[in-house]
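Here is the structure we will look at, set down as structure tokens.
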Amino acid sequence: MNSIIERQQTILRAWTVVLFIVHCFFFMSTAQGKVTVGLRGGLQLAHMSFNADALSSSNRVGFFAGPTLRITTPILGMGIDVSGFYDQSQLKADGHTLTAHSVVVPAHLRFGINLFKNVGVFAFAGPQLRFNVGDDVERWTDASTDKMFLLQTTTLGANLGAGVLIGKLEASLIYHIPLGKTADFTWNDLRQQLKGETWNHAKSSVDSWRLSVAYYF
């Protein structure tokens, strides 16, 4: 029951942050620029790494989708975009595959130039907040070893990327850099338990590449 309540509170906090950011950007931009609303989605390739040599890293594919807001400013070529989307990623810890469910809120400062009529290129960078809305703890047993994977409730990262805009359609490639750990992984075999020894512990972080497509109304 407590985990369900905590998950609901995390979801509420995530959407509160999304609505607050959109609210601030909307009122800031209505007096100074143009606001365009759209939908964004795509695929991502996540790479999990550990600070323990005994654990191998792995790549897994996921997807994301949700609303996006693009703001053009009076400064030539400068703009802002902010999104709030649902993200589902597969992670692999020591041979065991887990599925992470998150609400992700990226906000980017962007600079673009027009190449032709209705065709332009742009680059962007900015912070990203990720709120875990799925199970944050998963435990399993492999042979005689008990294992536990604990996802952080909230994580902070940074995004870098570039893309092309053709009319109302936008495509971009994004690299996400984690700022801090994403999860904790612990394990303990039967012999250690009988001896009363402590669990082994490793920290993990997840960086990712995203292929994103957005359509603006």
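Taken together, the values in this text are just the output of simple stated rules run on the coordinates, not laboratory data. Computed from a predicted model, the values in this text were never measured in an experiment. Positions of Cβ are generated from backbone atoms using ideal geometry, with glycine treated the same way; all protein chains shown enter the neighbour counts.
In this structure, the amide hydrogen of residue 133, modeled 1.01 Å from its nitrogen in the peptide plane, lies closer than 5 angstrom to those of 101, 102, 103, counting only residues at least 5 positions away or on a different chain. Compared with the direct C-alpha span, the chain from residue 146 to residue 173 gains 5.9 nm at full extension, assuming 0.36 nm per residue. Judged by the mean number of other Cβ atoms found within 10 Å, the most tightly packed of the peptides 207-213, 60-66, 100-106 leads the ranking 100-106, 207-213, 60-66.
A simple spin-label model places the labels of residue 35 and residue 125 2.8 nm from each other, with each point 7 Å out along Cα-to-Cβ. Pairs of Cα atoms nearer than 8 Å and 6+ residues apart set the relative contact order; for segment 68-129 it is 27 percent. Volume per residue of the convex hull around the Cα atoms, evaluated for segment 60-130, comes out as 114 Å³. Treating r as the C-beta distance of residue 158 and residue 96 and R0 as 30 Å, the FRET efficiency rounds to 0.60.
Using 0.36 nm per residue of separation minus the Cα-Cα distance, give me the extension gain between residue 118 and residue 207 in nm, one decimal. Before the final figure, lay out each step's value.
Working: separation 89, 0.36 × 89 = 32.04 nm, distance 3.28 nm.
The span from residue 118 to residue 207 would gain 28.8 nm if fully extended.
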